[in-house]
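The structure appears below as structure tokens.
Just so it is clear, none of the values below were taken in a lab; they were calculated from the coordinates. None of these values were measured; they are calculated from a predicted model. Please note: Cβ atoms are built from the backbone with ideal geometry, for glycine as well, and neighbour counts cover all protein chains shown.
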Amino acid sequence: LELPSADAQYLNNPRLRYPPISHRLGEQGTVMIQVLVSDKGLPQDARIKTSSGFFRLDDAALTAVLSWRFVPGKRAGVAQSMWFTVPITFGIQ
């Protein structure tokens, strides 16, 4: 079993956008997004598994993941749709 991945450089996924008001207010946290990745590497569905505690960060993470492409998961070498959890961390540096 190979899980889906969004780490491959060639996918050219857009950068995560930190909501400006969240940045100003110092909101930080990690959102766990559960995404259904198709056998073609496209997100078919996504939902918040664990909230950051801030709705703006949660919404930004969900929007970003739905716009990404993934390397699809494989079972016995064959690509197939499967659920995958993506951690999205927002931190002010």
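To the nearest ten degrees, helix 55-67 and the longest principal axis of the Cα atoms of the chain are 30 degrees apart. Using the Cβ of Y18 as centre and a radius below 11 Å, the other residues enclosed give a net charge of +3, where K and R count +1 and D and E count -1. Take the Cα of A76, step 7 Å toward its Cβ, do the same at K40, and the gap between the two points is 2.5 nm. Measuring nothing but how far apart in sequence close Cα pairs (under 8 Å, 6+ apart) lie, relative to its length, the chain scores a relative contact order of 42 percent. In the chain, helical runs assigned H by DSSP with n ≥ 4 each contribute -39500 (n - 2.57); averaged across all residues and rounded to the nearest 500, the mean residue ellipticity at 222 nm is -6000 deg cm²/dmol. If the segment from K49 to A8 were pulled out straight at 0.36 nm per residue, it would be longer than the present Cα-Cα gap by 12.4 nm.
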